[in-house]
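Enquirer: Before I ask anything, let me first share the structure, which is written out below as structure tokens.
The values are calculated or read from the model by the stated rules, or taken from the named source; none is laboratory data. Predicted, not measured: the structure shown is a model, and the values here were computed from it. Methodologically, a virtual Cβ is constructed for each residue, glycine included, from the backbone with ideal geometry; neighbour enumeration extends over all protein chains shown. These area figures cover heavy atoms from the full protein model, side chains too; ligands, DNA and RNA do not enter into them. Shrake-Rupley method; radii C 1.70, N 1.55, O 1.52, S 1.80 Å.
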Amino acid sequence: MVDISSNFVGIKSPNPFWLASAPPTDKQYNVERGFEAGWGGAVWKTIGNPIVNVSSRYSSIDFGSKRMVGINNIELISDRPIEVNLKEIKSVKKHWPDRAVVASLMVESKKEAWHDIVKRTMDAGADGIELNFGCPHGMSERGMGSAVGQVPEYVCQIAEWVVEVSEIPVIVKLTPNISDITYPALAAKRAGAHAVSLINTINSITGVDLDSFVPRPIVGNASSHGGYCGPAVKPIALNMVASIASHPDMKDLPISGIGGISTWRDAVEFMLLGASNVQVCTAVMNYGFRIVEDMIDGLKNWMEQKGFKKLDDFIGLSVGKVKNWGDLDLNYKVVANINQDKCIKCGLCYIACEDASHQAISYFKDKYTKKYEIIEKECVGCNLCQMVCPIQDCITMEQRNIGAPYMNWAMYQEQNK
Ligand SMILES: Cc1cc2nc3c(=O)[nH]c(=O)nc-3n(C[C@H](O)[C@H](O)[C@H](O)COP(=O)(O)O)c2cc1C
């Protein structure tokens, strides 16, 4: 039996899967159905002075037959009054005491405004507060969201205002629209925030309508840049999570991982790289609340297989495995191998290696046969042929012992002086 219960900076939930602040959490009706489906917690759609939204609001990137690989939105924070949202939070918390309910907040950058909303949020019984310093569109033009998150001094200042009155944990949600994510994360830590969550959405334009010439999403005869999220952003989010988790001054700063998580595997990857729990938005917008069932089962099965009894047994296990390039072993060698029984002779590996790599695949053809084979002495082990191959396990990368010990870049330079 494995225990997947989570305790994130004192906020308890039966599992580490939270709904991220977004349309699936914008009202009691949604959050309660999310909890019925099994979600461990929810970060309420950002609350602040109500806004007016445009129509339309979303656009997406499809790739091949795959829909919504990434989605872009120009939606703002909640368009419902603060008091309605807080009343509903109180009611949800009353009915679902074992689930985490975190209020995401965004108000103008004035101390009184922040003090006021934090106190009202505590009165509503929320388990924690998430500061939305991330929205890259609309709110940022009004001096909020990523306009705050992009300036570490502002992050620190506003987080300090919140921390000085808050009696519940404060999580700072970071914007990825910045050159080095560790700067705002350090600022949040300096302010006394209990944790960071990341990532919010990435500034983007998904495409242009070739008939009207208007970028998407179309609002009349114009559009605006928006926030990008979904599976396409996962690699960016993973790297940012790892950067914070491995930073020597932030080893003890808890992280809530967000960005492109659709499956239990994605969630485990975030946790291995240092996130203590995860939040999900796009996957729920695409497939509904029900996906959490598979996430719970998958996580439990994987933990059982690996012999982990609780989440802390594996959180952060991959952090130390992300090294600077210069520390990698220059004497580690892999080469590709094509399993001839599985090969369907499509030639994709050959074309890729011929045109974009090291001409390390030979092609033989006669009247009766076609054959692709690796020329081992030319293969640099780049993985490209394996990546383009449409057949699972047809091309595998095999390690070759070249009989030389570990050598990093500094050692190499020394040796070749
Ligand atoms: C339509 C939409 C609305 C969103 N609204 C908010 C919001 O109000 N507050 C917030 O902090 N993040 C908001 N987000 C960002 C998500 O919480 C999340 O950080 C982001 O989508 C990355 O996660 P994902 O890849 O699972 O979608 C929104 C995202 C979408 C798609």
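Enquirer: Take the range 11-30 and flag every residue that is of a type outside the set (S, T, N, Q) and closer than 19 Å to P169 by Cβ.
Expert: Initial filter on the range 11-30 (of a type outside the set (S, T, N, Q)): 11-12, 14, 16-20, 22-24, 26-27, 29.
Of everything in the range 11-30, those that are of a type outside the set (S, T, N, Q) and closer than 19 Å to P169 by Cβ turn out to be I11, K12, P14, P16, F17, W18, L19, A20.
Enquirer: If you don't mind, another one. Could you tell me whether S65 is near the ligand (Cβ under 9 Å from one of its atoms) and of a type in the set (G, A, S)? Working first, answer last.
Expert: On the way: near the ligand (Cβ under 9 Å from one of its atoms): no; of a type in the set (G, A, S): yes.
The answer is no for S65.
Enquirer: Got a number for residues in the range 194-205 being assigned to a loop (DSSP other than H, G, I, E, B) and of a type in the set (S, T, Y)?
Expert: Filtering the range 194-205 down to residues assigned to a loop (DSSP other than H, G, I, E, B) leaves 194, 199-201, 205.
Keeping just the survivors that are of a type in the set (S, T, Y) gives 201.
Adding up the residues that qualify gives 1.
Enquirer: Here's another thing I want to ask about it. Of all the helices (runs of 4 or more DSSP H) wholly in the range 330-417, which have at least 3 residues that are surrounded by 15 or more Cβ atoms within 10 Å (Cβ to Cβ)? Spell out the reasoning first.
Expert: Working: elements: 348-356, 384-388, 409-415.
It comes to 348-356, 384-388.
Enquirer: Just checking, which of I296, I315 is surrounded by 18 or more Cβ atoms within 10 Å (Cβ to Cβ) and assigned to a loop (DSSP other than H, G, I, E, B)? Explain how you work it out, then say what you get.
Expert: On the way: I296 fails: assigned to a loop (DSSP other than H, G, I, E, B).
Answer to the check: I315.
Enquirer: Next up: Just name the residue that is farthest from the ligand (Cβ to nearest atom) out of those in the range 272-281 that are open to solvent by less than 10 Å² (accessible area, probe 1.4 Å) and polar (S, T, N, Q). Steps first, please.
Expert: We begin by selecting, within the range 272-281, every residue open to solvent by less than 10 Å² (accessible area, probe 1.4 Å); these are 275, 277-280.
Among the residues that remain, those that are also polar (S, T, N, Q) are: 277, 279.
Details: N277: 13, Q279: 7 Å.
Residue satisfying both the conditions and the ranking: N277.
For every residue, the table says whether it meets (1) modelled with pLDDT under 95; (2) assigned to a loop (DSSP other than H, G, I, E, B); (3) open to solvent by 10 Å² or more (accessible area, probe 1.4 Å).
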| site | (1), (2), (3) |
| --- | --- |
| Y183 | no, no, yes |
| A187 | no, no, no |
| G192 | no, yes, yes |
| G227 | no, no, no |
| A232 | no, no, yes |
| I236 | no, no, yes |
| V241 | no, no, no |
| M250 | no, yes, no |
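Enquirer: Counting just the residues of the range 115-134 that are hydrophobic (A, V, I, L, M, F, W, C) and assigned to a helix (DSSP H, G or I), which one comes out nearest to A100 (Cα to Cα)?
Expert: Just the residues of the range 115-134 that are hydrophobic (A, V, I, L, M, F, W, C), to begin with: 117-118, 122, 124, 126, 129, 131, 133.
With assigned to a helix (DSSP H, G or I) added as a condition, the list becomes 117-118, 122.
Numbers: I117: 19, V118: 17, M122: 14 Å.
My answer is M122.
Enquirer: For the structure I just gave you, tell me whether S212 is among the hydroxyl-bearing types (S, T, Y) and touching a residue at least 60 places away in the same chain (Cβ under 8 Å).
Expert: Numbers: among the hydroxyl-bearing types (S, T, Y): yes; touching a residue at least 60 places away in the same chain (Cβ under 8 Å): no.
It is false that S212 is among the hydroxyl-bearing types (S, T, Y) and touching a residue at least 60 places away in the same chain (Cβ under 8 Å).
Enquirer: Return the residues of the range 54-67 that are more than 13 Å from A22 (Cβ to Cβ), open to solvent by 20 Å² or more (accessible area, probe 1.4 Å) and not hydrophobic (A, V, I, L, M, F, W, C); say none if nothing qualifies.
Expert: To start, the set of residues in the range 54-67 that are more than 13 Å from A22 (Cβ to Cβ) comprises 54-56, 59-67.
Adding the requirement that they be open to solvent by 20 Å² or more (accessible area, probe 1.4 Å) leaves 54-56, 60-67.
S55, S56, S60, D62, G64, S65, K66, R67 - these are the residues of the range 54-67 that are more than 13 Å from A22 (Cβ to Cβ), open to solvent by 20 Å² or more (accessible area, probe 1.4 Å) and not hydrophobic (A, V, I, L, M, F, W, C).
Enquirer: Out of all the residues in the range 93-145, which are within 26 Å of I178 (Cα to Cα), of a type in the set (D, E) and open to solvent by 30 Å² or more (accessible area, probe 1.4 Å)?
Expert: Passing the criteria: E108, E141.
Enquirer: Which ones in the range 47-62 are within 12 Å of the ligand (Cβ to nearest atom), farther than 13 Å from H137 by Cβ and assigned to a strand (DSSP E or B)?
Expert: Correct list: I47, S60.
Enquirer: Let me ask another. Kindly establish whether E108 is among the charged types (D, E, K, R) and under 20 Å from P254 (Cβ atoms). Talk me through it step by step, then tell me what you get.
Expert: On the way: among the charged types (D, E, K, R): yes; under 20 Å from P254 (Cβ atoms): no.
Criteria not met by E108.
Enquirer: Identify the single condition in (1) open to solvent by 80 Å² or more (accessible area, probe 1.4 Å); (2) in contact (Cβ under 8 Å) with a residue 12 or more places away in the chain that D327 does not satisfy, given that it satisfies every other one.
Expert: (1)
Enquirer: Right, another one. Would you point out which residue out of S91, S65, S21, S6 is hydroxyl-bearing (S, T, Y) and in contact with a Gly (Cβ under 7 Å, 6 or more places away or on another chain)? Write out each step before concluding.
Expert: On the way: S91 fails: in contact with a Gly (Cβ under 7 Å, 6 or more places away or on another chain); S65 fails: in contact with a Gly (Cβ under 7 Å, 6 or more places away or on another chain); S21 fails: in contact with a Gly (Cβ under 7 Å, 6 or more places away or on another chain).
The conditions single out S6.
Enquirer: Could I ask something else about it? From the list V172, V162, V148, V155, which one is in contact with a Leu (Cβ under 7 Å, 6 or more places away or on another chain), in a helix (DSSP H, G or I) and either in the same structural domain as I11 (by TED's automatic domain parsing) or crowded, with 18+ Cβ neighbours inside 10 Å (or both)? Talk me through it step by step, then tell me what you get.
Expert: Working: V172 fails: in a helix (DSSP H, G or I); V148 fails: in contact with a Leu (Cβ under 7 Å, 6 or more places away or on another chain); V155 fails: in contact with a Leu (Cβ under 7 Å, 6 or more places away or on another chain).
Among V172, V162, V148, V155, only V162 is in contact with a Leu (Cβ under 7 Å, 6 or more places away or on another chain), in a helix (DSSP H, G or I) and either in the same structural domain as I11 (by TED's automatic domain parsing) or crowded, with 18+ Cβ neighbours inside 10 Å (or both).
Enquirer: Can you name every residue in the range 206-218 that is open to solvent by 50 Å² or more (accessible area, probe 1.4 Å) and within 15 Å of the ligand (Cβ to nearest atom)?
Expert: To start, the set of residues in the range 206-218 that are open to solvent by 50 Å² or more (accessible area, probe 1.4 Å) comprises 208, 210-213, 216, 218.
Across the range 206-218, the qualifying residue is only R216.
Enquirer: Could we say that W18 is among the aromatic types (F, W, Y) and either surrounded by fewer than 24 Cβ atoms within 10 Å (Cβ to Cβ) or within 12 Å of the ligand (Cβ to nearest atom) (or both) here?
Expert: Details: among the aromatic types (F, W, Y): yes; either surrounded by fewer than 24 Cβ atoms within 10 Å (Cβ to Cβ) or within 12 Å of the ligand (Cβ to nearest atom) (or both): yes.
The answer is yes for W18.
Enquirer: Being near the ligand (Cβ under 10 Å from one of its atoms) and of a type outside the set (D, E) is the filter here; which residues of the range 73-89 pass it?
Expert: N73, I74, L76, I77, S78
Enquirer: Looking at G70, is it open to solvent by less than 10 Å² (accessible area, probe 1.4 Å) and within 14 Å of the ligand (Cβ to nearest atom)? Don't jump to the end; show me each part of the working.
Expert: On the way: open to solvent by less than 10 Å² (accessible area, probe 1.4 Å): yes; within 14 Å of the ligand (Cβ to nearest atom): yes.
For G70, the condition - open to solvent by less than 10 Å² (accessible area, probe 1.4 Å) and within 14 Å of the ligand (Cβ to nearest atom) - is met.
Enquirer: When residues of the range 135-145 are filtered for being within 15 Å of the ligand (Cβ to nearest atom) and either assigned to a helix (DSSP H, G or I) or under 19 Å from N85 (Cβ atoms) (or both), how many remain?
Expert: In the first step, residues of the range 135-145 are kept if they are within 15 Å of the ligand (Cβ to nearest atom); the result is 135-140, 142, 144-145.
Adding the requirement that they be either assigned to a helix (DSSP H, G or I) or under 19 Å from N85 (Cβ atoms) (or both) leaves 135, 138-140, 142, 144-145.
Counting residues in the range 135-145 that are within 15 Å of the ligand (Cβ to nearest atom) and either assigned to a helix (DSSP H, G or I) or under 19 Å from N85 (Cβ atoms) (or both) gives 7.
Enquirer: Have a look at S109, S55, S78, S146 and point out the one that is farther than 27 Å from A191 by Cβ and in contact (Cβ under 8 Å) with a residue 12 or more places away in the chain. First the steps, then the outcome.
Expert: Numbers: S109 fails: farther than 27 Å from A191 by Cβ; S78 fails: farther than 27 Å from A191 by Cβ; S146 fails: farther than 27 Å from A191 by Cβ.
Exactly one of S109, S55, S78, S146 is farther than 27 Å from A191 by Cβ and in contact (Cβ under 8 Å) with a residue 12 or more places away in the chain, namely S55.
Enquirer: Right, another one. Against the definition (open to solvent by less than 30 Å² (accessible area, probe 1.4 Å) and more than 27 Å from E164 (Cα to Cα)), how does I47 come out, yes or no?
Expert: On the way: open to solvent by less than 30 Å² (accessible area, probe 1.4 Å): yes; more than 27 Å from E164 (Cα to Cα): no.
Judged against the criteria, I47 is not a match.
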